[in-house]
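A quick write-up on the structure given underneath.
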There are 2 protein chains.
Amino acid sequence: MSVSFAQIVAEKPMTFTAECPTRAVLDHVMSRWGVLVLSALADGELRWGALRRIVPGISEKMLASTLRTLVEDGLVERTALPTVPPHVSYELTDLGRDLMERMLPLLGWVVEHASGIMSGRPR
Amino acid sequence: MSVSFAQIVAEKPMTFTAECPTRAVLDHVMSRWGVLVLSALADGELRWGALRRIVPGISEKMLASTLRTLVEDGLVERTALPTVPPHVSYELTDLGRDLMERMLPLLGWVVEHASGIMSGRPR
DNA sequence: CTGTATCCAATTCGATACTG
DNA sequence: CAGTATCGAATTGGATACAG
């Protein structure tokens, strides 16, 4: 698939407008916490508490709402064991893993180039 | 480079914390308008007015600040011809093109799967 | 342990008007 | 044409407390 932005927008003029599904998915998937949560899960299943610790600086509120969105999107699966105390874990679905195949190279690029890009700049 | 999130964070614990360059670059590059502006420029040089028209729904304010950030990051180059009226164009730098090689597959994935993900949902 | 509810601060963002 | 300035509305996000 050739991916030309102009071509996409020319053929389907509503693509990436505020009402378009593409915009919604883009917002979910490319959001700060969305990226980090998905990336954390790319290594395998994780429990709520583990996610909370691993994703740097995420609040409970944001973790909850990010996970809810990603589960609704079918990118993450939630598994709850009916024990006391509760045991809940999250893992990528097939769709989520497919997405992360495209996302991880991008993340790798950012890690490689971030210092260079930001060096010698205030905040 | 193997890109494991847990591995990255384990080796460099400050990676993706709020103060880390990776977080800043991630925010620039994965932001709603950042993605769309970069994608539009992936097809080639564009003038201010063209970008304004092509990127769906972007305001002048957001276009200005997004472009300023991307130019500062060295991902986009601004070329101003000293004519009256002014003629200013923007294009990806080599670094920006390198980034887009990783970004476009992701964008393509979103376009392909967005409808399926959002189908039958309110909003 | 895994969340939800609430409140409040900070930030983002769009609309509009204006300038070189 | 290519922006900047300003303002208010809306959203985001964090801290805290609490519930199942």
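When B:L75 is tested against (1) surrounded by fewer than 20 Cβ atoms within 10 Å (Cβ to Cβ); (2) touching a His at 6+ places or on another chain (Cβ under 9 Å); (3) in contact (Cβ under 8 Å) with a residue 24 or more places away in the chain, exactly one condition is not met: (1). When the range B:68-88 is limited to residues that are under 30 Å from A:A114 (Cα atoms) and within 11 Å of DNA strand C (Cβ to nearest atom), the one that is nearest to the other protein chains (Cβ to nearest Cβ) turns out to be B:T69.
Within the range B:39-60, the set of residues being touching a residue at least 60 places away in the same chain (Cβ under 8 Å) and acidic (D, E) is empty. Looking across the range B:64-77, the residues that are out of contact with any Ser or Thr (no Cβ under 7 Å at 6 or more places or on another chain) and within 23 Å of A:V110 (Cβ to Cβ) come down to B:S65, B:T66, B:L67, B:R68, B:T69, B:L70, B:V71, B:E72, B:D73. Exactly one residue out of A:L36, A:L63 is in contact (Cβ under 8 Å) with a residue 12 or more places away in the chain and out of contact with any Pro (no Cβ under 9 Å at 6 or more places or on another chain): that is A:L63. For the range B:79-87, state whether one or more residues are polar (S, T, N, Q), loosely packed, with under 14 Cβ neighbours inside 10 Å and in contact with a helix residue (DSSP H, G or I) (Cβ under 9 Å, 6 or more places away or on another chain). Checked the range B:79-87: no residue is polar (S, T, N, Q), loosely packed, with under 14 Cβ neighbours inside 10 Å and in contact with a helix residue (DSSP H, G or I) (Cβ under 9 Å, 6 or more places away or on another chain). Considering only residues in the range A:17-69 that are polar (S, T, N, Q) and within 15 Å of DNA strand D (Cβ to nearest atom), the one that is surrounded by the most Cβ atoms within 10 Å (Cβ to Cβ) turns out to be A:T66.
Values quoted throughout were computed directly from the atomic coordinates according to the rules given, and no laboratory measurement underlies them. Being a predicted model, the structure only gives us computed values, none of them experimental. In this analysis, Cβ positions are derived from the backbone assuming ideal geometry, glycine residues included, and neighbour counts consider all displayed protein chains.
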